[in-house]
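**Q** Encoded as structure tokens, here's the structure I'll be asking about.
The values are calculated or read from the model by the stated rules, or taken from the named source; none is laboratory data. Computed from a predicted structure; not experimentally measured. Neighbour counts are summed over all protein chains in view; Cβ atoms, including those assigned to glycine, are modelled from backbone coordinates with ideal geometry. The area values use the complete protein model at the heavy-atom level, side chains included, leaving out ligands, DNA and RNA. Shrake-Rupley method; radii C 1.70, N 1.55, O 1.52, S 1.80 Å.
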Amino acid sequence: MRYNFNDIEAKWQAYWAKNETFKAENHSDKPKYYVLDMFPYPSGAGLHVGHPLGYIASDIYARYKRHQGFNVLHPQGYDSFGLPAEQYAIQTGQHPAITTEENIKTYRRQLDQIGFSFDWSREVRTSDPKYYKWTQWIFIQLFNSWYNKKEDKAEDISELIKRFEAEGNAGVSAACDDAVATFTADEWNAFSSEQQQRILLQYRLTYLAETEVNWCPALGTVLANDEIVNGVSERGGHPVIRKKMTQWSMRISAYAERLLQGLETIDWTDSLKESQRNWIGKSVGARVVFPVLPAEQGGQESLVISVFTTRPDTIFGVSFMTLAPEHELVAQITTPEQKAEVEAYIAATARRSERDRMADVKTVTGAFTGAYAEHPFTRKPIPIWIGDYVLAGYGTGAVMSVPCGDQRDYDFAKHFNIPIPNIFEGVDISKEAFVDKENTIIANSDFLNGLNYENATRKVIEALEHLGQGEGKTNYRLRDAVFSRQRYWGEPFPVYYVNGMPQMIDAQYLPITLPEVEKYLPTETGEPPLGNATVWSWDTINHKVVSNALCQSDSSGSAEDADNGVYPLELNTMPGWAGSSQYFNRYMDPHNDEEIFSQEAINYWQQVDLYIGGSEHATGHLLYSRFWQKFMFDKGLVPYDEYAKKLINQGMILGTSAFVYRINEKPDFFISGALYNDYNNPESKSEALAVIRQFTGDDLTDIQLDPIHVDVKFVNSSDEVDASGIKQWMKDYNYEHVQFIGTEEESKRGVIRVNRDVEKMSKSKYNVVNPDDICLQYGADSLRLYEMFLGPLEQYKPWNTAGITGVHSFLKKLWRLYYDDSGFRVTDSEASKANLKTLHKTIKKVQEDIENFSFNTTVSTFMIAVNEFTSQKCNSREILSPLLILVSPYAPHIAEELWEALGHQESISTEPFPIFEEKHLVESTKNYPISFNGKFRFTLELPLDMSKEAIEATVLAHQKTQEQLQGRTPKKVIVVPGKIVNIVG
RNA sequence: GCUGAAGUGGUGGAAUUGGUAGACACGUUGGACUUAAAAUCCAAUGGCCAUUAUGGCCGUGCGGGUUCAAGUCCCGCCUUCAGUACCA
């Protein structure tokens, strides 16, 4: 019987689906284990072989854990809100829901065909109203919460209101807007409801505020910081500008310290933790207040400049101050004489885009404001400058410049001839600043002289606090996350407006579902696409979404609306990360319409034991979801404030692109990779040029060659495209007018050689390999094994279809252990010692490998085992039965088929994992490699239970040793029992 | 610049954590089977030298060091990839 993988795989996939083999129950006598994948965005292109890498790894682990006797939760779903479906809708008018549904069907078919053990009964889709009902619900919970810094947790907003009513806000330590004003209880109680609401917004964990956002005009939406790469949008590469807009924000900054501390408690990769630490960007230092000296004329009111510094110990080295050009005090303090210069400078920096500013960090620019500030200790005047090396968005947008201790301050001072006082003992600062704070001794600094960094810092902060001119402060780079998107295909907010103030829709009326719109672009008045909906107002009396016509006001919800109780709804939608921040918990109880999940379910599954996904989400999804989890923990909804105990980043599988080259001067001619290489080799350049000229019939002397991607499906394993491939390629890509030029040898054989290069796998690079093709030709089990075999999980590695024959022939060999030409060959005969040794060696290795996530070496272990069993002619059921269980996580289809052939009725998937027995590996003798000063080497077989001394004596007495030593006396003999003998001369 | 990861045959990659480097696979070469191809099987395959067999020398990015023993540990460099950045 032949190994007919196509039939076998289809058969078992149908069996698993029919019997719900992988359905997980929310209670069990078995211990639980939760294996999670990052759910995919269902794009129109479908899966390529790179996508399932992490899913295969997690599936192997999930299947292994089932064999180990765990109740395994291994769910899958779709992150189905997103830009591409909406862009497609804008172009074609097709509703994103339809596109998404189609794409999901393709994904599901492709995933099923690989044989994953997902519990599909728990599937979630972020775009499903039943799911996003709970995304909206969490939003409401965030709105109704504030962050109590004293308790270090989120609390209900009603607690805050009570405290305002009783004592005002002076004693409240909260994470809130910096600009919040102090008020007493009496003042609070006297405020209008609208004023109160406005103040509360400054405390809520999700709030509406005028913020400077990253606006992408081409996409017509704002982007989060992590959605911008090198100053352009991650999707599409469009330019991004700064713009002020009223937006929803998430007060993630309240959780900065806990997000940082939490990293210590979880088993995530160092590089990923480091990315998050950098993103949170904690720096410890001090806030220092510098009073601005009143200008001689005008008698300005006393202004102060507040700065943040990590080096308060260098305060006596301050020789100037620098403000960001956008700093709010710049206009007020600039003297009339300097006004023109300062304004010109501000205008010049405003013209420079963010990108230019980043690219050009070398040039020192700035302007003097003419104003001076007073040093808190020396009371001497310090000139105030502006310079674009100071960023408005970090710290206070102002720095105290210490040129001797900071290279940027140093460069600035040199450029503008500002004095550089040296406050470090025994340090030369004539060439550059001295930035090493570990080896600092402060000098020329009054009461700080002779102190090191730590002591000086402590003393300065005490002194500043005593003066009331500063205090110790910790600063975080992490900004609050903008939560509004001017998009259609996202979660609608459960928000309506009364007199411009946002109101939450009561949770019992959720979900607020997306309205139908005529077109998916912004409205003519510039409002988000939801502004196109005719039905999109909230009726507070009947509690439902109703026609816009019933609502008088277009945006604010004016007084007239109050008469009929109909108010406008929020027109923005939530960003992509909203839905993905809670899906891992929702899988535990995905069909619950009463609660986000039952306490029973969350207490059973608790948290994710293993999470596998790409590292590209390091500062996006993986940070936001931790924030939501901590919030849910504060609300008592989840038992852990970290949701994923262990996380592994799988690497990417890259494509191997193929290139030929277009002659820039003669775009109708393409040359082969071989000819290109000849042309670029000085020795063969003229020859290559002669060949090219024969075709172009021209006197080309120097040509420019542009690489053109050839679709890899036309290229054979020798990197060649044959005549029929060329023809097909030209037809498919409208290159019929093109003429190919190859080397003489290529022309003779009618082929074109391509050059290869490794790139990210992508449709536009024509290097995509489709798993459908692989499954058809080699089977899903081959695909699974090969993806693992390619290399360590975390590593980036190129795909090379040619290599798959290795694992495929392994499967065929495995099959032949059970079936040969004469039929089923497994018998009840007794296993030999050699059989048992191979089996137990394999059990041990496989178990160790899987537990270390070293999936690539397991495949080798399988191959070795099968080769050994084949040469042992092993046909014992006692061996071949457990072997299948070992293989089944990797190649589940063939394992099920052979398991059935062995006479089992049930699926192999929950069979107990074979138990390793040391006794089968124990040997009585061992080969000791013997060497003398690394010179001669031979092996000697000795009993294992020999003592060190006995081994030494035996070795020295051995004839071969005596011959080799040639009468010399060894100095020392090193014996490592069971391993090695070294004779040292 | 900083942070993280990594450098091993023609290629992907192993190496029980200091103990015979190159497992396993691809590729290549030779052979068997076949009318032929495919498939399958067998053999060789780090480099150099020797060959009548047993062999010998050099080899894990580079330069040092520790050790009986280093791909692995220590010091100093180089290179590549990824993330991040006028962050005060």
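**Q** Per residue of chain A, what 222 nm ellipticity follows from adding -39500 (n - 2.57) for every DSSP H run with n ≥ 4, rounded to the nearest 500?
**A** Calculated mean residue ellipticity at 222 nm is -10500 deg cm²/dmol.
**Q** Quick one: order A:PHE855, A:PHE191, A:PHE824 from most to least accessible surface, probe 1.4 Å.
**A** A:PHE824, A:PHE191, A:PHE855
**Q** How big is D for segment A:623-667, in µm² s⁻¹ as a whole number, if Stokes-Einstein is applied with the Kirkwood radius of its Cα pairs at 37 °C and 0.692 mPa s? Present the calculation step by step, with values, prior to reporting the outcome.
**A** Working: Rh = 15.1 Å.
D, rounded to a whole number, is 217 µm²/s.
**Q** Based only on Cα atoms, what mean projected area does the convex hull of segment A:705-827 have, in nm²? Don't skip to the end; give the middle numbers.
**A** Values: hull surface 45.5 nm².
With every direction weighted equally, the projected area is 11.4 nm².
**Q** Sorted by packing (mean other beta-carbon atoms within 10 Å per residue), highest first, where do A:483-493, A:730-740 land?
**A** Working: A:483-493: 25.6, A:730-740: 13.1.
Result, highest mean first: A:483-493, A:730-740.
**Q** Now a separate question. Give me the percent of accessible area attributable to carbon and sulfur for segment A:219-279, probe 1.4 angstrom. It would help to have the intermediate numbers written out before the result.
**A** Details: 1310 of 2800 Å².
So the carbon and sulfur contribution to the accessible surface is 47 percent.
**Q** Here's something else I'd like to know. Using a 1.4 angstrom probe with every protein chain in place, what is the largest-first accessible-area order of A:SER829, A:SER747, A:SER672, A:SER881?
**A** Ranked list, largest accessible area first: A:SER747, A:SER829, A:SER881, A:SER672.
**Q** So, for chain A, what is the accessible surface per residue at a probe of 1.4 Å, expressed in square angstrom?
**A** Result: 45 Å² of accessible area for each residue.
**Q** Right, something else. Once Rh for segment A:874-985 is found with the Kirkwood sum over Cα pairs, what is the Stokes-Einstein diffusion coefficient at 10 °C and 1.306 mPa s, in µm²/s?
**A** 89
**Q** How many nm is it between the label spots at A:ALA348 and A:ASP722, if each spot is 7 Å from the Cα in line with the beta carbon?
**A** Once both label points are built, they end up 6.7 nm from each other.
**Q** How far is the Cα center of segment A:399-437 from the Cα center of segment A:848-927, in Å?
**A** First find each Cα centre; the distance between them is then 67 Å.
**Q** With everything on Cα atoms, drop me the angle between helix A:270-280 and the longest principal axis of chain A, reported from 0 to 90° to the nearest 10.
**A** Relative to chain A, helix A:270-280 is tipped by roughly 10 degrees.
**Q** Then there is this: Could you calculate the FRET efficiency of A:LEU956 with A:LYS833 from 1/(1 + (r/R0)^6), where r is the beta carbon distance between them and R0 is 56 Å, rounded to 0.05?
**A** Working: r = 33 Å, r/R0 = 0.59.
Rounded to the nearest 0.05, the efficiency is 0.95.
**Q** So what does A:SER931 come to for accessible area, using a 1.4 Å probe and Å² rounded to 10?
**A** 20
**Q** Now a separate question. Compare the peptides A:757-770, A:858-871 by average per-residue count of other Cβ atoms within 10 angstrom and give them in order, highest first.
**A** On the way: A:757-770: 16.9, A:858-871: 18.8.
Descending mean neighbour count gives A:858-871, A:757-770.
**Q** For the full complex of protein chains and a 1.4 angstrom probe, list A:ASP152, A:ASP698 by accessible area with the highest value first.
**A** From most accessible down to least: A:ASP152, A:ASP698.
**Q** For helix A:892-901, what angle does its Cα long axis make with the longest principal axis of chain A, in degrees from 0 to 90 and rounded to 10?
**A** Between helix and principal axis, roughly 40 degrees.
**Q** For segment A:629-760, give the percent of accessible area contributed by carbon and sulfur heavy atoms, probe 1.4 Å, rounded to a whole number.
**A** Answer for segment A:629-760 is 45 percent, counting heavy atoms of protein chains only.
**Q** With the Cα gyration tensor of segment A:2-69 giving a ≥ b ≥ c as the square roots of its eigenvalues, does the rule (a/c under 1.5 for rounded; else a/b larger than b/c for prolate; else oblate) give rounded, prolate or oblate?
**A** Oblate is the answer for segment A:2-69, as a/c is 1.5 or above yet b/c matches or exceeds a/b.
**Q** I'd like the FRET efficiency for A:GLU941 and A:SER193, computed as 1/(1 + (r/R0)^6) with the beta carbon distance as r and R0 of 60 Å, rounded to 0.05. Can you show the working numbers first?
**A** Numbers: r = 93 Å, r/R0 = 1.54.
The pair A:GLU941/A:SER193 has a calculated efficiency of 0.05.
**Q** So which lysines pass the test for A:LYS380, namely a Cα distance under 25 Å, with those fewer than 8 places away in the same chain ruled out?
**A** Straight-distance partners of A:LYS380: A:LYS339, A:LYS414, A:LYS459, A:LYS473.
**Q** How much accessible surface area, in Å² rounded to 10, belongs to the heavy atoms of A:TRP729 with a 1.4 Å probe?
**A** Result for A:TRP729: roughly 10 Å² accessible.
**Q** For labels at A:ASN677 and A:ALA97 in the simple 7 Å Cα→Cβ model, what's the distance in nm?
**A** Between A:ASN677 and A:ALA97, the label points sit 5.6 nm apart.
**Q** Using only the alpha carbons of chain A, what is the convex hull's orientation-averaged projected area in square nanometres?
**A** Result: a mean projected hull area of 57.9 nm².
**Q** Related question: Taking a ≥ b ≥ c as the square roots of the eigenvalues of the Cα gyration tensor of segment A:241-316, is the shape rounded (a/c under 1.5), prolate (a/b larger than b/c) or oblate?
**A** Oblate shape, in that a/c is at least 1.5 and b/c is the bigger or equal ratio.
**Q** Need one word for segment A:847-913: rounded, prolate or oblate. Basis is the Cα gyration tensor (sqrt eigenvalues a ≥ b ≥ c); a/c below 1.5 gives rounded, then a/b vs b/c decides. Walk me through the numbers before you get to the answer.
**A** Details: a/c = 2.14, a/b = 1.16, b/c = 1.85.
Verdict is oblate for segment A:847-913.
**Q** Take the alpha-carbon centre of segment A:168-212, take the same for segment A:615-688, and report the distance between them in whole Å.
**A** When both Cα centres are located, 45 Å separates them.
**Q** Of all the accessible heavy-atom surface of segment A:49-182, with the other protein chains kept in place and a 1.4 Å probe, what percent is carbon and sulfur?
**A** Values: 2150 of 4700 Å².
That fraction is 46 percent.
**Q** Calculate, for A:SER121 and A:GLU923, the FRET efficiency according to 1/(1 + (r/R0)^6) with r their C-beta to C-beta distance and R0 45 Å; round to the nearest 0.05. Could the numbers behind the result be given before it?
**A** Numbers: r = 50 Å, r/R0 = 1.11.
Computed FRET efficiency for A:SER121 and A:GLU923 comes out at 0.35.
**Q** Could I ask something else about it? Suppose the chain between A:LYS150 and A:ALA209 were pulled fully straight at 0.36 nm per residue; how much longer would it get relative to their current alpha carbon spacing?
**A** Additional length available on full extension: 18.8 nm.
**Q** Can I ask one more? What nm distance separates the two modelled labels at A:GLU794 and A:ASP428, each placed 7 Å from Cα along Cα→Cβ?
**A** For the pair A:GLU794/A:ASP428, the computed spacing is 4.3 nm.
**Q** A:LYS282 accessible area, nearest 10 Å², 1.4 Å probe?
**A** Answer for A:LYS282: close to 80 Å² accessible.
**Q** Taking a cut-off of 23 Å between Cα atoms, list the lysines near A:LYS162, but don't count ones fewer than 8 places away on the same chain.
**A** Cross-link targets: A:LYS149, A:LYS150, A:LYS153, A:LYS635.
**Q** Positive end of the dipole of segment A:711-784, charges at C-beta (+1 Lys, Arg; -1 Asp, Glu), about the Cα centre: which of A:ILE726, A:LEU776, A:MET761 has its Cα farthest in that direction?
**A** After comparing all options, I get A:MET761.
**Q** Given the C-alpha atoms of segment A:401-493, compute the convex hull and give its volume per residue in Å³.
**A** Considering the Cα atoms of segment A:401-493, their hull volume per residue is 205 Å³.
**Q** Hey, what angle do you get for helix A:83-92 against the long axis of chain A, alpha-carbon based, 0 to 90 degrees rounded to 10?
**A** Rounded to the nearest ten degrees, it is 80.
**Q** If you don't mind, another one. So how strong a dipole does chain A carry about its Cα centre when Lys and Arg Cβ are +1 and Asp and Glu Cβ are -1, to the nearest 20 debye? Kindly include the intermediate steps, with their values, before the conclusion.
**A** Details: 98 positive and 133 negative charges, 630 e Å.
Roughly 3020 debye for chain A.
**Q** Moving to a separate point now. So what is the orientation-averaged projected area of segment A:210-251, using the convex hull of its C-alpha atoms, in nm²?
**A** 2.9
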